[in-house]
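Everything on this sheet refers to the single structure shown next.
The values are calculated or read from the model by the stated rules, or taken from the named source; none is laboratory data. What you see is a predicted model, and the numbers here were worked out from it, not measured in a lab. Heads up, the Cβs are rebuilt from the backbone with ideal geometry, glycines too, and the neighbour counts pull from every protein chain shown.
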2 protein chains.
Amino acid sequence: VLRVGVGAQVRCGVIDESVGTGTVLEVLPEAVLLQYSASTEFVSARPAIDLLLALPRPKVMKRLWAQLAALGVRRIIVSAAWKVERPYFDSHVLEPLFVGARLREGLSQAGDIYLPAVSVHRQFKVLVEDDLDDLSNARCRLVLDPAGNESLASISLSNASDGILAAVGPEGGWTPYELDLLSAHGFERVRINDRTLRSDTACVATLAILACRTDRVPMRGG
Amino acid sequence: VLRVGVGAQVRCGVIDESVGTGTVLEVLPEAVLLQYSASTEFVSARPAIDLLLALPRPKVMKRLWAQLAALGVRRIIVSAAWKVERPYFDSHVLEPLFVGARLREGLSQAGDIYLPAVSVHRQFKVLVEDDLDDLSNARCRLVLDPAGNESLASISLSNASDGILAAVGPEGGWTPYELDLLSAHGFERVRINDRTLRSDTACVATLAILACRTDRVPMRGG
């Protein structure tokens, strides 16, 4: 893929460990043998954003994994919702091997090494009432909703020291029941702007805004 | 598409004019006859963000039009760049009929009526030196670059009263020459975070952050 020869150096990393440099020792038909040397250079902090995502259409979900990993997310909680069609849960785009490959593609694009944790939940109520506290310890909980009064760009993130849990609804939005249940479990309603966005656009927008707002300026040479 | 019958009311709008309600008068095989009534309800302001976009791969550009229109953008300036492959400019994804259809799809999704202006430029230097001032009157000019020292979430937008012109580079980034040329024409280097993002992710992220930062809270009933 990288079109390199023996002796070349490539940037690489070990999942959950380090980034570094690989020196090409041998190019085989199906693989490249590298000598890996971990670097002491700045590694982005593990992102502290958890995403609760009402499962979009498989075609959309398929493209979304790599984008989510590239933007940086700690955990992806895939959920049912009233407006999520049941057969979506049987799609190959939720199979662990498929998901892992697409997530690694996104990490590799972004030069990141932290693989997001992924879980899939077919019952929204059970997820929110019973499982969510174990999945995410973020006290700052936000639900995206075009009718939210607060803007994601300006809402206070002062309670975000344990990270942020953001919930993005299905195409067509959350139902009032779902919004009430989320609200009863500490989710505050925020909007990106007053537009209804497709759920992949809303996810990328949400993670980008939060990444940008919680990003620290890294130390750089030169 | 909407599965409606005679007498039903649907939300609709007239490009660059108004949003309103259509009452279904007749359902024909290929069309629906509506009686349109413009509403006096709040219409989002025309977005004041211009995007200078180094043309991505056709497959990526194809999906991007609707997302850009949904997020809201005043003008899309598609540009060549050193790392943009020339044949991309001959792709059908730049044909006006195709572009218009995808932009209207995005507007319709977002409930918006303002069609972005689109222009295509095959010479980066000519664009930046000769044409850009006529295309965008935004004095706030930003170029996205993962090595930028300022964050898009925190940079001052105090000179953004005429809107914002944001430049998103090709896969692989701008060259130093291109960054220097942009810089000489008033573009400030900003980053989303310290990751390299795919250009469609970077576009959506950029528009979302800017939309969110410049959004005013609309008046709402209830």
Positions within the range A:169-209 being outside any loop (DSSP other than H, G, I, E, B) and within 9 Å of chain B (Cβ to nearest Cβ), in sequence order: A:191, A:200, A:201, A:202, A:204, A:205, A:206, A:207, A:208, A:209
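Taking the range B:127-148 only, how many residues are assigned to a helix (DSSP H, G or I) and surrounded by 13 or more Cβ atoms within 10 Å (Cβ to Cβ)?
The number of residues fulfilling the criteria is 6.
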Looking only at the range A:151-168, and only at residues there that are more than 14 Å from chain B (Cβ to nearest Cβ) and closer than 18 Å to residue A:207 by Cβ, the one that is farthest from the chain's Cα centre (by Cα): A:162
Residue check for residue B:180: over 25 Å from residue B:91 (Cβ atoms) and at pLDDT 95 or above: yes
Qualifying residue in the range B:68-81 (condition: in a loop (DSSP other than H, G, I, E, B) and surrounded by fewer than 17 Cβ atoms within 10 Å (Cβ to Cβ)): no
